[in-house]
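Shown next, in structure tokens, is the structure this report addresses.
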Amino acid sequence: MIVLTGDGEKFFSAGANIRMLTEVTPQFKYYFCLHANETLNRLEQTPKLVIGALNGHTVGGGLEIAMACDIRIARKDAARLASRRSHSVSSRYRRHQRLGRLVGKAKAIELMATGNTFSFEEAEEWA
């Protein structure tokens, strides 16, 4: 069994440093996204049970990490979730796949297009 959680109580994960991604070369950004997607694919496909203990805000790439977990557990009223508008085609494509499997295609597109935050309780209703 693997349990993933954030360090502290404010964030589970905020994902990548978006400012850094705007300042690097296209080649670096490509390999960064390729590696991130490969890591999430391996997390999804491991034979071990993967539990996401969402102890705080879960946004952008952090939401992708949570969606790659087999089970997600969160405290009531603990934080917000958001699917940030993506800065890469490969990341956006994979996020759409994971989110679409969990909440349906239309809701996934809405969440990705708006970037609005939502509560753990709202997310539970969509699943």
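The values are calculated or read from the model by the stated rules, or taken from the named source; none is laboratory data. Remember, it's a predicted structure, so these values are computed and weren't measured experimentally. No Cβ is skipped: glycine too gets one built from the backbone with ideal geometry, and neighbour counts run over all protein chains shown. Just so you know, the surface numbers come from the protein's heavy atoms only, side chains and all, with ligands and any DNA or RNA stripped out. Shrake-Rupley method; radii C 1.70, N 1.55, O 1.52, S 1.80 Å.
Placing unit charges on the Cβ atoms of the charged side chains and taking the dipole of the chain about its Cα centre, the candidate lying farthest along the positive direction among GLY60, THR5, PHE32 is PHE32.
The magnitude of the dipole of the chain, with charges of +1 and -1 set on the Cβ of Lys/Arg and Asp/Glu and taken from the Cα centre, is near 340 debye.
Within the chain, the longest segment free of exposed loop sites, counting trypsin sites (Lys or Arg not before Pro) that fall outside DSSP classes H, G, I, E and B and have at most 14 other Cβ atoms within 10 Å, spans 86-127. Here the label points at THR117 and TYR30, each 7 Å from Cα along the C-beta direction, are separated by 3.6 nm in the simple model. In the chain, Cα pairs under 8 Å separated by at least six residues give a relative contact order of 26 percent.
Counting heavy atoms of the protein chains alone, PHE11 has an accessible area of about 80 Å² for a 1.4 Å probe. P(r) tail, the chain: Cα-Cα pairs separated by more than 24 Å, 24% of all pairs.
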